[in-house]
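Chemist: Can you keep this structure in mind? I'll have questions shortly.
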Amino acid sequence: MQSGRPAGGGPVRGARLGRGSIAGARRCAPWAALAWALTALAGLAAWGASPALGAKLVGGGRQAAIKRAFTAHGAHKHQTVVSVRTSTVNGAWAVVESVRLQPAGRGGGKSGSVKPANAYYHVVHGAERSGSPPGPVKADLSRDFKLAVLYTGSGSETINYTERTLGVCQAAGGWVDQQTETVKPMSWSVRYVVDLDSLAAAVGDGRTAVVVPAVTLDRGASTLSATEQATRSTVDLSCNGTPVTIKCSTRYTLGGSGSSSWLSLIPAGLEVGIPMRRSTSGSCDPDSFALGPSLWDSDAAAALVSKLRVLGGSLSGNPYAPVKVAWPFSSSLAVDGAIASPCQGIAAGCTDSMKWKGTVRLQPVGGG
């Protein structure tokens, strides 16, 4: 798998407020400099500037219209849309960020090695037209664009396994092997910050596009609480034997190597997982248990959100609305058929009750 922090207030950075500069104004008399500054700020207010909100992702019909205008231009034939966003200074203006995909192996390798190109559009008599936006609008649309992905959820998993075979003494009862596993609590809130202006790679093979933005796990805004208890008991009832029981407890905490790789933007949507660290206590040798790892421990809670197709520009009318996800239809591994219950292949005597649900949502970050 591959592919955030709110900024403070203040005027739009880099906005051109008119001819001259603040430094030039300071060379004037104090009263003149003050008058110049007040006039410039009034100009921003006239544009409807909102302090430090920055551009926003746009979806629905407006996004579709902007994409049509973009793709109709011959120069954009081989470009892949990374994002479409509108200005909060003047909502009639929008920017399309796009990249030209490179063959696999030539897509960069470090954050910022691939820079998207900008194309600007605005509404003219109900149609999207290309153009050059006014200074304050262009500054707003050109700022480094970040957004957060917040994935929250909860659930539980219970596995029960029982096998009865002929005992050594071949009497009633036989040999009994029982194993139970429970994952409870199981809850998480994971927040990633995505910099869509800083790409490590943008590659394609003619069929599939992969764009890898700079991703950071916001540890201060992320939590994970999950514990798995596994118990196995064996006894030969045919010989009036004494049960032998082993127990293992696994605690899952947030972290692990490659935490940022648990978020990826793909044409099918947004794929988001939970980076986990495991610590165990008790008798935890895997060979001591009859079953393999639980679905939870196999990353079954990694979600594929088809409604959040950031890459390629296909979002709902409100891109920031929460999207519900749940097991099994939202599990990216289950959808791909790449995950199996530990009960799979056992004809009888094994049940695996897995359930989780949650939401995934995009959030503005500073200039995002």
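Chemist: If you stretched the chain out fully between A72 and V244, how much longer would it get, using 0.36 nm times the residue separation minus the C-alpha to C-alpha distance?
Modeler: 54.7 nm
Chemist: Between L295, L270, V365, whose Cα lies farthest towards the positive end of the dipole of region 267-368 when Lys and Arg beta carbons carry +1 and Asp and Glu beta carbons carry -1, centred on the Cα centre?
Modeler: V365
Chemist: Give me the lysines in straight-line cross-link reach of K138: C-alpha distance below 22 Å, same-chain residues under 8 apart excluded.
Modeler: Partners found: K56, K67, K115, K146.
Chemist: Return the ratio Rg/(2.2 N^0.38 Å) for region 167-283, where Rg is computed over Cα atoms only.
Modeler: Cα-based Rg divided by the globular estimate yields 1.71.
Chemist: Compute the whole-percent fraction of alpha carbon pairs in region 156-217 spaced more than 13 Å apart.
Modeler: Of the Cα pairs, 78 percent sit more than 13 Å apart.
Chemist: Roughly how many Å² of T152 are accessible to a 1.4 Å probe, to the nearest 10?
Modeler: 40
Chemist: Another question, if that's okay. Roughly how many nanometres apart are two label points built 7 Å out from the Cα toward the Cβ at D177 and S298?
Modeler: 1.8
Chemist: Right, here's the next one. For K184, which lysines qualify as cross-link partners when the Cα separation must be under 25 Å and same-chain residues fewer than eight apart are set aside?
Modeler: K184 reaches K247, K324, K355, K357.
Chemist: Right, another one. Which order do peptides 292-305, 55-68 fall in by mean Cβ count within 10 Å, highest first?
Modeler: 292-305, 55-68
Chemist: For region 124-171, restrict the atom set to alpha-carbon positions and state the Rg and Dmax in Å.
Modeler: Reported Rg and Dmax, both Å: 32.2, 90.
Chemist: Also: Given the protein chains as shown and a 1.4 Å probe, how many square angstrom of C239 are accessible, to the nearest 10?
Modeler: About 50 Å², ignoring ligands and nucleic acids.
Chemist: Moving to a separate point now. How would H125, H78 rank on accessible area, largest to smallest, probe 1.4 Å?
Modeler: I get H125, H78, largest accessible area first.
Chemist: Where the centre of each part is set by its Cα atoms, how far does region 293-336 sit from region 119-138, in angstrom?
Modeler: Distance between centres, Cα-based: 34 Å.
Chemist: Can you tell me the FRET efficiency between L237 and R100 if r is taken as the Cβ-Cβ distance and R0 is 51 Å, rounded to the nearest 0.05?
Modeler: Step by step, r from the Cβ atoms, then E = 0.15.
Chemist: Moving on to the next point. Suppose R0 equals 25 Å. What FRET efficiency, 1/(1 + (r/R0)^6) with r the Cβ-Cβ distance, do T359 and A117 give to the nearest 0.05?
Modeler: Here the calculated transfer efficiency is 0.15.
The values are calculated or read from the model by the stated rules, or taken from the named source; none is laboratory data. Quantities reported herein were computed from a predicted structural model and do not represent experimental measurements. Heads up, the Cβs are rebuilt from the backbone with ideal geometry, glycines too, and the neighbour counts pull from every protein chain shown. In case anyone asks, the SASA skips ligands and DNA or RNA and just uses the protein heavy atoms, side chains included. Shrake-Rupley method; radii C 1.70, N 1.55, O 1.52, S 1.80 Å.
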